[in-house]
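To start, the structure under review is shown below, and the notes come after it.
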Amino acid sequence: MLRELINHGVERRAISLPRGRFGLHVMPINTGYEIRQNETYDWSGRHRGRAPFVVLQHTISGQGMLRYERHSQALRAGDTMLVIAPHDHRYWLPEGKSWEHFWVSMNGAEALRIHRSILATAGPVLRLTQPTIDRLAACCLRLLRGTFTAGGASAIAYEATMALHDEVFARSAPEQSVSHPMQPVIDHVLAHLEADLPVDELAAISSMSRAHFSRAFKDTVGLPPARYVLDQKLQATAKLLANTGLPIKEVALSCGFADANYFSKVFRRAYGHSPSEHRDGGGHSPEVGRT
């Protein structure tokens, strides 16, 4: 499908459709495939308006640059960039380089929620498998070619979001079969790491009493639900510390730790060093979830 998008040729399309009585929670804004070379191409996440939106952009060939907060890195063939504006980031075409890429931009409450959880887990630059890249390319191509309703456009953007979600969280979560009885709870936890996630709330998702749920969850996953939640939050903070320049307090808040001192305490207990030492040490993360 990526080859079909390339064969379709360079094209950019803005998507502006009526949304009807109910606001759609995932909606594409624009999309395209292009090759930039020997020209000015420079986007700042601080100067793109106040309304938040997502940019999902895959590098096919050449090289771009991304500065995400205080850290800069090259975007090379096979890299997929995920950023949300407004935010302290910038991506641009370096002098003398070319950059072939396709992208889908979208907004909406659900798009923002899901992509923020992906950012918290995997950072702004991802290495995706070819089937996922092809799914994203297919969504881009359908948006470029199609005539659709607002609902149809929303469905395509949601499909792109879920393609990314499926790959990132399949890597992060323990291997599960499709029929895993606790999968809805696990999905909820991974998508809401910024929330408190009390056991009562998780039990309600499973339609079990708290006591029954706690026993069933531990038997299935191998950890009590509260411990599992804490471990997932800590793993997400460890990745953010390694992959971004966010202040430690913001890292803590983004994963549900309102008290920075408590966060530092439990992080040290899990990893054997402080959050700042983890960042300085290059982000080596022993497994959590062990007593």
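The values are calculated or read from the model by the stated rules, or taken from the named source; none is laboratory data. Everything quoted here is computed from the prediction, not taken from an experiment. As a convention, Cβ positions derive from the backbone with ideal geometry for all residues, glycine included, and neighbour counts pool all protein chains shown.
Figures for the structure shown
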| read-out | value |
| --- | --- |
| Search result, residues across region 247-263 that are in contact with a helix residue (DSSP H, G or I) (Cβ under 6 Å, 6 or more places away or on another chain) and among the hydrophobic types (A, V, I, L, M, F, W, C) | Ile248, Val251, Ala252, Cys255, Phe257, Ala260, Phe263 |
| Residue selected from region 19-38 under the condition within 21 Å of Val54 (Cα to Cα) and assigned to a loop (DSSP other than H, G, I, E, B), by the criterion modelled with the highest pLDDT | Val26 |
| Residue within region 127-138 that is modelled with pLDDT under 90 and either closer than 22 Å to Ala191 by Cβ or among the charged types (D, E, K, R) (or both) present | no |
| For Leu144: the one exception among (1) surrounded by fewer than 16 Cβ atoms within 10 Å (Cβ to Cβ); (2) in contact (Cβ under 8 Å) with a residue 12 or more places away in the chain; (3) of a type outside the set (Gly, Ala, Ser) | (1) |
| Residues (in a helix (DSSP H, G or I) and either assigned by TED's automatic domain parsing to the domain that holds Ile114 or within 21 Å of Met162 (Cβ to Cβ) (or both)) located in region 185-219 | Val185, Ile186, Asp187, His188, Val189, Leu190, Ala191, Ile205 |
| Residues satisfying the stated conditions in region 24-56, i.e. farther than 22 Å from Gly152 by Cβ and hydroxyl-bearing (Ser, Thr, Tyr) | Thr40, Tyr41, Ser44 |
| Enumeration of residues in region 75-102 that are hydrophobic (A, V, I, L, M, F, W, C), buried (at least 16 other Cβ atoms within 10 Å of the Cβ) and over 20 Å from Thr244 (Cβ atoms) | Leu93, Trp99, Phe102 |
| Residue within region 56-65 that is touching a Pro at 6+ places or on another chain (Cβ under 7 Å) and either assigned by TED's automatic domain parsing to the domain that holds Asn7 or within 22 Å of Ile6 (Cα to Cα) (or both) present | yes |
| Checklist (1) at pLDDT below 90; (2) within 29 Å of Ser61 (Cα to Cα); (3) surrounded by fewer than 17 Cβ atoms within 10 Å (Cβ to Cβ); (4) among the β-branched types (Val, Ile, Thr) applied to Thr149, failing item | (2) |
| Answer from His25, His115 - the residue that is under 26 Å from Glu194 (Cα atoms) and in contact with an Asp or Glu (Cβ under 7 Å, 6 or more places away or on another chain) | His25 |
| Condition check for Ala137: buried (at least 23 other Cβ atoms within 10 Å of the Cβ) and in contact (Cβ under 8 Å) with a residue 40 or more places away in the chain | yes |
| Residue list for region 201-213, restricted to those being of a type outside the set (A, V, I, L, M) and in contact with a helix residue (DSSP H, G or I) (Cβ under 6 Å, 6 or more places away or on another chain) | Ser206, Arg210, Phe213 |
| Within region 229-282, helices (runs of 4 or more DSSP H) holding 2 or more residues that are within 14 Å of Leu119 (Cβ to Cβ) | 248-254 |
| Which listed residue, of Ala122, Ala150, is among the aliphatic types (A, V, I, L, M), touching a helix residue (DSSP H, G or I) at 6+ places or on another chain (Cβ under 7 Å) and outside the structural domain of Lys239 (by TED's automatic domain parsing) | Ala122 |
| Exclusive hit being at pLDDT below 90, hydrophobic (A, V, I, L, M, F, W, C) and farther than 30 Å from Arg90 by Cα, set Ala195, Ala226, Ala211, Ala270 | Ala270 |
